[in-house]
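What follows is a short report on a single structure.
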Amino acid sequence: MSYRPPPRQVEEIKLEEGISLPQITETKSPTNRIRSFLTISNDKTQKIVKIIEESYKNGFNIILHDINSKKPNWLGMTASSYKADLQTLLNEYIKNPLGYGYGVVVGEQLGGKFYLVAIDIDIDNEECKERISREVETLLTKHAIHYYKELTKTNRIHYYILLDQVTEQIESISKLPYPEPCFKYKDGKKIPGEIELFTKKNKFIIVYDGIINNKEPFTTTLTL
């Protein structure tokens, strides 16, 4: 996938059930089952290592996060000063490969070649998501801005947007308005939804492709 630089400034802001086999047909011993699990785990570990390596090579400021709490690991640095180091990332990931996911710190990426901003559509009702998606994609296409769309584990939407610079006006925005009531579920309750805009370097956004599915994450498909 090629990278097309956007305009210099931008001011506007998706065994059959019920059948059981007799116990005698169980052919795998506990040892074999453990070995199979370890093989699967090892395959996933190698896959994530490759993703981290390729993402770093493409200039993305990759960060690890706890896969349960979603808390980022700043690896001894502060949020504002964080800068990915490949060997440090891999060393930390290998310590607990089943406990880590990955994401990207927004803002200026490694080498200063481009900036990443992200839109997190934290909304659950489908009509709202579809309408907002159309509006967002129409606006980005209008300004010839390169973007990637991803569905999260809970079927919400992330947009990852590549720019060659970020204006102060964009950095001042943290939430985007929407005209009609949209909602999300939290702890089983329906509450107002929100659309967050991540622009500053003290923020990071989780990347789900490659973790919850077999898709290549946008960080590995970008070619500068």
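Bear in mind these aren't lab numbers, they're just calculated from the coordinates by the rules spelled out. Computed from a predicted model, the values in this text were never measured in an experiment. A quick note on method: Cβ atoms are made from the backbone with ideal geometry, for glycine too, and the neighbour counts reach across all protein chains shown.
The mean sequence separation of alpha-carbon pairs under 8 Å and at least six residues apart, normalised by the residue count of the stretch 36-221, gives a relative contact order of 26 percent. Once backbone amide H atoms are built at 1.01 Å from N, D164 has Y115 as its partners under 5 Å, excluding neighbours fewer than 5 places away on the same chain.
Working ranking of peptides 43-54, 166-177 by packing, defined as the average number of other Cβ atoms within 10 Å per residue, highest first, is 43-54, 166-177. Under conditions of 20 °C and 1.002 mPa s, the stretch 81-224 yields 129 µm² s⁻¹ as its translational diffusion coefficient, taking Rh as the Kirkwood radius over Cα pairs in the Stokes-Einstein equation. Per residue, the convex hull spanned by the Cα atoms of the stretch 151-224 amounts to 135 cubic angstrom.
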